[in-house]
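J.: Pasting a structure here, questions to come.
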Amino acid sequence: MISGLKTFTDGGLRRARWMLVSLLCAAAPAWAFDLGELMGLLAKQKQGEATFTEQRYVRGFDGPLAASGTLSFTAPDQLVRRTLTPRPETMAVDGNNLVLSRSGRTRSMTLDSVPELQGLVEAMRATLAGNSQVLERYFKSTVIGGADAWTLDLAPVDSRLSSQIAVLRLSGKAGEVLGVEMEFRGGDRSVMTIVPKR
Amino acid sequence: MSAGPSRTRRTWVLLLWLAAVLAGVAVISRTQFSADLSAFLPASPDARQRVLIEQLQSGVASRTLMVGLEGGKDALQRAEVSRALGKGMRASGLYEQVQNGDHSEWQEAGTFVFDRRYQLSPDVTPERFSVDGLRDALTDTMSMLGTPAGNLVRPLFERDPTGETQRIAEGLIPATSPRTEEGVWVSRTAPRAMLLATTKASGSDIDAQAIGIARIETEYAKATQGMGADAPKLQLSGAPVFSVQSRDKIKGEAIHLAIVGAIVMGCLLLAAFASPKALVIAVLPVLTGVVAGTAAVALVFGSVHGLTMGFGSTLIGETVDYAIYYLIQARGAAVRGTGWQRWRDLNWPTVRLGLLTSVCGFAALLFSGFPGLAQLGVFSIAGLVAAALVTRHGLPMLAPDGATGMGMRRHMARAASGIVEAMPRFRIGFLVLAVGAVALMAWQGGTLWRASLSSMSPISKASQELDASLREDIGASDGGTLVVIQAADEQATLRITEAAGQRLDALVGEGQLSGYETVTRMLPSVAAQQARIGSLPDAATLRTRVAQATEGMPLAPDRLEPFVASVEAARSLAPITREELAKGPMAPVVRALMFERPGGGWSSLIALHTTDRFEKAKLVTALAPLPEVQVVDIGAELGSLYDRYLHEAFVQVMLGALAVVVLLGLYLRSLRRLVAVCQPLLLAVVLTLGGMAALQVPLGILHLVGLLLIVAVGSNYALFFDQLQETGRADEDTLASLMLANLTTVVSFGLIAISDIPALSAIGRVVAPGALLALLLSAAFGKRRAR
């Protein structure tokens with residue numbers, strides 16, 4: 001509710017759609033569920049393992065491009081995405097360091113030297129850690145739904161990132177993230193489905 | 001004056017002297033003064049040291065400036081100033097490269113990489129262009145599409161579906177780069193924006209470096225105009241700043257010391273002689289000595305190191321002694337105008353011997369493999385000889401009877417007599433102290449000589465800390481460990497560099513390195529380029545293979561028609577050459593990492609970005625099969641260089657001391673007198689060293705040079721005492737002259753001792769107490785004849 005009102009006062013026609021939805025939420029107090037609460041739920045999970053499948057819709061291709069692999073997160077700041085198909089590839093984030101391994105080569109980078117990259121990492125990492133402060137540094141967030149089925153929309157604040165990505169949409173249930181959707185500028189889209197390991 | 005030297009002789013001597021001084025001044029006025037460490041690097045280095053020296057003198061590090069913009073209003077303001085400053089600096093044309101995180105400058109480079117991708121990409125092999133290879137590469141690239149990283153790949157996909165541009169860029173983007181905020185580089189620890197610039201001018205051209213630095217200050221002033229107190233502060237560091245700072249500091253300090261020294265010395269001499277004329281005359285040998293020393297160094301070495309100049313001020317202490325001896329000892333002649341003749345017959349031989357011993361001592365430095373030490377040797381010898389010649393031949397023309405006034409000299413003579421009478425009583429005390437000093441030194445052993453090369457650097461601790469902090473922010477490879485490739489020609493160097501790069505890739509895979517910078521990413525050897533071009537199939541073949549490779553993919557093969565065209569065009573491209581790159585945006589990178597060596601042949605560098613898992617031994621093992629490749633650990637290399645330097649200086653100082661003893665022995669022709677002269681000198685050295693050991697002062701090469709100076713200066717005192725013993729005439733004037741000479745020496749070296757420049761203060765702190773001790777000990781141990 002609070003985030004909905006904040007978005008409202010901040011204005012911005014681009015987000016009008018989400019505003020409308022959040023205003024609807026505000027109208028129904030029984031549904032009230034805000035970023036603070038969501039983050040509280042997420043923060044309880046200190047460690048998590050999951051498998052994922054990804055479908056990417058890229059213009060100029062006749063069908064979706066698929067990928068699958070595993071994800072692991074350890075609070076507060078370690079995140080590993082291991083792609084198994086179609087190509088083995090690992091992206092490991094630890095603090096300010098990013099290590100990419102693909103085709104037998106390893107490359108490391110510092111996140112804070114590429115702010116748009118850091119924003120992308122935080123969309124996932126800060127959400128999983130339940131760190132609303134970091135998340136709000138990079139994104140305007142909008143929460144829809146309730147604890148048992150929520151959607152968190154993230155619109156990049158940084159101009160470089162927002163010139164690439166229109167919106168990031170994370171969805172889940174209680175303290176678990178079950179989906180990540182990315183809408184790129186230019187029309188490409190990717191949908192990731194996450195299945196936590198139990 | 002009537003019986004003084006004849007008028008013609010006087011005219012000739014004075015004219016000759018004047019001409020010599022003018023010639024010296026003319027030489028000096030055309031001389032370059034340097035202040036870099038290079039004068040203190042060996043002239044005949046081994047292969048690794050040569051690399052080190054080349055790098056220190058002209059490597060990219062010697063031309064790199066780090067700029068910080070700290071404080072001010074906020075990050076946005078700092079970013080604006082950084083952009084304005086960067087723009088101004090780029091427009092000035094003084095810098096080869098100015099980086100501040102603004103990636104717009106990479107656009108041109110990006111076009112080059114894209115256009116030449118089939119020559120540059122290490123992945124271009126015949127297998128890559130087989131059906132399977134193409135399928136693999138396409139799958140790889142497509143796995144990035146529709147991800148955030150894919151945004152960069154997508155616009156190029158049709159022309160570069162195998163991702164060669166991406167592959168090259170991976171290698172070119174440094175693994176450790178500064179934090180970016182508001183589009184510019186910023187510090188991770190301080191409210192600071194950062195810029196990195198390399199000057200076009202060589203690092204050894206200090207005047208040009210000073211211009212480069214001044215330009216930054218001007219552009220900064222322009223960029224912060226109207227901001228007033230809100231403006232972020234400018235911070236500058238890097239080797240060029242250090243060079244300019246050292247030179248200015250040494251220059252300033254030399255002038256400062258000269259002025260203070262002149263005033264103090266002037267007061268002393270005035271008190272002693274009560275005659276301004278005597279004062280002027282006493283200064284003449286000093287000035288002539290400094291001019292002669294500087295000119296001699298300029299003629300022999302082509303340039304004069306700032307430190308040698310600083311050392312010049314120490315020479316005042318010894319050369320003024322000659323004038324004092326003359327002015328006092330030539331007094332009281334029976335016939336007016338003959339005092340100089342009497343001095344020439346009676347005292348000159350002793351002064352001459354003192355001069356010869358000093359020259360002997362410093363001659364050892366001439367053979368030093370380090371130009372810096374050799375410069376000190378040439379300077380001292382030329383300066384001392386010139387001052388002595390002026391005293392011997394010039395001063396009699398100006399003051400045939402020495403100085404006339406009495407001033408405080410009677411008191412000095414009385415004090416000197418008192419000391420001479422009293423000192424022998426302290427012999428036992430001195431000996432006990434000497435034994436104690438030897439014991440202390442033996443106990444401390446090698447740790448006594450623990451000063452390092454950096455202790456000679458005049459750079460303040462605050463500047464060094466700022467440098468370290470800016471360096472940390474930039475995340476530039478600190479240059480701690482370098483891989484250096486040397487070969488006979490350009491292509492051989494490039495081929496070996498490629499071979500070394502392959503071995504380093506393995507270390508990157510192991511996590512020992514986070515990356516490395518090599519010239520072959522921009523400029524592969526012609527052989528490698530030809531092999532890559534040779535692996536490209538013709539258009540028809542490629543078209544068929546693409547069709548086969550894309551079977552079952554959601555991708556129509558005709559979408560890749562631009563790819564087929566690109567490959568076909570690449571097949572007829574001429575190899576990339578260094579000349580071509582030198583004209584484009586890659587020029588700074590190529591120039592930094594590859595250069596023609598001064599002695600012939602080519603050299604390339606690989607700068608390493610190490611991780612905390614890095615082990616130097618593994619690197620050395622990995623590169624061992626390539627004999628043309630050297631691993632240079634700069635810190636360790638400098639350390640071993642200094643050790644070699646110290647060891648060499650030890651040997652030379654010992655040889656110098658030995659030469660002094662032999663010379664004295666030849667002259668005195670008496671073992672007893674030789675022992676009597678050497679004893680106080682040895683004790684003075686031992687007691688000085690003991691004092692340093694007791695005070696926990698880390699000793700270095702310049703302390704060693706200081707010890708040689710104690711022997712050089714002290715031998716004069718010891719010889720005069722010897723002369724007094726032999727002639728039995730302990731006349732007041734000789735004692736007064738010794739007293740005054742010692743006082744001026746102690747004062748001039750005392751001034752140097754409190755200098756800000758470590759190299760000078762090291763000499764001063766050794767010589768000031770040492771010279772005093774040498775006089776006292778000469779008095780204490782002079783064997784007295786029964787009166």
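J.: Take the residues in the stretch B:169-186 that are surrounded by fewer than 21 Cβ atoms within 10 Å (Cβ to Cβ) and more than 10 Å from chain A (Cβ to nearest Cβ); name whichever of them is farthest from B:Gly59 (Cα to Cα).
T.: By that ranking, first place goes to B:Ala169.
J.: Next question. Residue by residue through the stretch A:63-89, note down the ones that are of a type in the set (Gly, Ala, Ser), at pLDDT below 90 and surrounded by 17 or more Cβ atoms within 10 Å (Cβ to Cβ).
T.: Passing the criteria: only A:Ala75.
J.: Given A:Phe73, A:Phe52, which one is away from every other protein chain (no Cβ under 14 Å) and aromatic (Phe, Trp, Tyr)?
T.: Unique residue meeting the criteria: A:Phe73.
J.: Identify the residue in the stretch A:170-198 that is among the basic types (Lys, Arg) and in contact with a Ser or Thr (Cβ under 9 Å, 6 or more places away or on another chain) and, among all such residues, is farthest from A:Tyr57 (Cα to Cα).
T.: Step by step, filter the stretch A:170-198, then rank; the result is A:Lys197.
J.: In this structure, is B:Ala254 within 30 Å of B:Thr31 (Cα to Cα), in contact with a helix residue (DSSP H, G or I) (Cβ under 9 Å, 6 or more places away or on another chain) and surrounded by 19 or more Cβ atoms within 10 Å (Cβ to Cβ)?
T.: Answer is yes for this residue.
J.: Residues being in a helix (DSSP H, G or I) and modelled with pLDDT under 50: count how many of those fall in the stretch A:3-62.
T.: Number satisfying all stated conditions: 25.
J.: Still on this structure, please answer the following. Quick one: which helices (runs of 4 or more DSSP H) lie wholly within the stretch B:390-474 and hold at least 2 residues that are modelled with pLDDT under 85 and surrounded by 14 or more Cβ atoms within 10 Å (Cβ to Cβ)?
T.: Here the list reads B:409-422, B:461-474.
J.: I need every pair where a residue in the stretch B:127-151 that is more than 9 Å from every other protein chain (Cβ to nearest Cβ) has its Cβ under 7 Å from the Cβ of a residue that is in a helix (DSSP H, G or I) and polar (S, T, N, Q), sequence separation at least 6 or different chains.
T.: Matching pairs, first to second residue: B:Val131/B:Gln548.
J.: Which of the following residues is touching a Pro at 6+ places or on another chain (Cβ under 8 Å), of a type in the set (D, E, K, R), within 13 Å of chain B (Cβ to nearest Cβ) and within 25 Å of B:Arg128 (Cα to Cα): A:Arg87, A:Arg102? Steps first, please.
T.: Details: A:Arg87 fails: touching a Pro at 6+ places or on another chain (Cβ under 8 Å).
So the residue among A:Arg87, A:Arg102 that is touching a Pro at 6+ places or on another chain (Cβ under 8 Å), of a type in the set (D, E, K, R), within 13 Å of chain B (Cβ to nearest Cβ) and within 25 Å of B:Arg128 (Cα to Cα) is A:Arg102.
J.: Further, regarding this structure: Can you pull out every residue in the stretch B:682-741 that is without any contact (Cβ under 8 Å) to a residue 12 or more places away in the chain and either touching a Leu at 6+ places or on another chain (Cβ under 7 Å) or assigned to a loop (DSSP other than H, G, I, E, B) (or both)?
T.: Residues satisfying the conditions are B:Leu695, B:Gln696, B:Arg729, B:Asp731.
J.: OK, next. Take the residues in the stretch A:105-119 that are facing chain B (nearest Cβ under 9 Å) and more than 20 Å from B:Thr189 (Cβ to Cβ), then tell me which one is modelled with the highest pLDDT.
T.: Restricting to residues being facing chain B (nearest Cβ under 9 Å) and more than 20 Å from B:Thr189 (Cβ to Cβ), the top hit is A:Leu117.
Yes/no matrix, rows are residues, columns are (1) in a helix (DSSP H, G or I); (2) over 18 Å from B:Thr577 (Cα atoms); (3) at pLDDT below 95; (4) within 14 Å of chain A (Cβ to nearest Cβ):
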position	(1), (2), (3), (4)
B:Ile496	yes, no, no, no
B:Asp505	yes, yes, yes, yes
B:Gly509	yes, yes, yes, yes
B:Gly515	no, yes, yes, yes
B:Gln529	yes, no, no, no
B:Gly552	no, yes, yes, yes
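J.: Take the residues of the stretch A:161-198 that are in a loop (DSSP other than H, G, I, E, B), within 12 Å of chain B (Cβ to nearest Cβ) and surrounded by 15 or more Cβ atoms within 10 Å (Cβ to Cβ): which is modelled with the lowest pLDDT?
T.: A:Gln164
J.: Across the stretch B:570-579, what is the total count of residues that are surrounded by 13 or more Cβ atoms within 10 Å (Cβ to Cβ) and not in a loop (DSSP other than H, G, I, E, B)?
T.: Of the residues in the stretch B:570-579, 2 are surrounded by 13 or more Cβ atoms within 10 Å (Cβ to Cβ) and not in a loop (DSSP other than H, G, I, E, B).
J.: Inside the stretch A:124-134, can you point out the residues that are among the small types (Gly, Ala, Ser) and buried (at least 23 other Cβ atoms within 10 Å of the Cβ)?
T.: Scanning the stretch A:124-134 gives A:Ala126, A:Ala129.
J.: Which of the residues spanning the stretch B:742-784 are at pLDDT below 85, over 25 Å from B:Ala434 (Cβ atoms) and part of a loop (DSSP other than H, G, I, E, B)?
T.: Result: B:Ser755, B:Asp756, B:Ile757.
J.: So B:Ser604 passes all but one of these: (1) away from chain A (no Cβ under 14 Å); (2) among the small types (Gly, Ala, Ser); (3) in a loop (DSSP other than H, G, I, E, B). Which condition number does it fail?
T.: That leaves (3) as the condition not met.
J.: Out of B:Ala657, B:Ala556, B:Ala565, B:Ala649, report the one residue that is farther than 26 Å from B:Thr111 by Cβ, of a type in the set (Gly, Ala, Ser) and more than 33 Å from the chain's Cα centre (by Cα).
T.: After ruling out the rest, the residue left standing is B:Ala556.
J.: Restricting to the stretch B:315-371, count the residues that are closer than 15 Å to B:Asn716 by Cβ and free of Cβ contacts under 8 Å to residues at least 12 places away in the same chain.
T.: 1
J.: B:Ala574: more than 14 Å from chain A (Cβ to nearest Cβ), out of contact with any strand residue (DSSP E or B) (no Cβ under 8 Å at 6 or more places or on another chain), modelled with pLDDT under 95 and within 30 Å of B:Ala607 (Cα to Cα), yes or no? Let's see the steps before the verdict.
T.: Details: more than 14 Å from chain A (Cβ to nearest Cβ): yes; out of contact with any strand residue (DSSP E or B) (no Cβ under 8 Å at 6 or more places or on another chain): yes; modelled with pLDDT under 95: yes; within 30 Å of B:Ala607 (Cα to Cα): yes.
Yes.
J.: Being of a type in the set (Phe, Trp, Tyr), touching a helix residue (DSSP H, G or I) at 6+ places or on another chain (Cβ under 9 Å) and either surrounded by 20 or more Cβ atoms within 10 Å (Cβ to Cβ) or within 14 Å of another protein chain (Cβ to nearest Cβ) (or both): is that true of B:Phe595 here?
T.: Taking the combined requirement at face value, the residue does not satisfy it.
J.: Could you figure out which of (1) within 30 Å of B:Phe563 (Cβ to Cβ); (2) more than 12 Å from chain A (Cβ to nearest Cβ); (3) of a type in the set (D, E, K, R) isn't true of B:Asp123?
T.: So B:Asp123 meets the others, but not (2).
J.: Could you tell me whether the stretch B:568-588 includes any residue that is closer than 29 Å to B:Ile53 by Cβ and of a type in the set (Gly, Ala, Ser)?
T.: Looking for residues that are closer than 29 Å to B:Ile53 by Cβ and of a type in the set (Gly, Ala, Ser), one finds at least one in the stretch B:568-588, hence yes.
J.: I would also like to ask the following. Among the strands (runs of 3 or more DSSP E) contained in the stretch A:65-119, which hold 2 or more residues that are under 20 Å from the mean Cα position of the chain (by Cα)?
T.: Fully inside the stretch A:65-119 and qualifying: A:65-74, A:78-85, A:89-94, A:97-102.
The values are calculated or read from the model by the stated rules, or taken from the named source; none is laboratory data. This structure is a prediction, so every number in the text was calculated from the model and none was measured. So basically every Cβ, Gly included, is an ideal-geometry build from the backbone, and we count neighbours across all protein chains shown.
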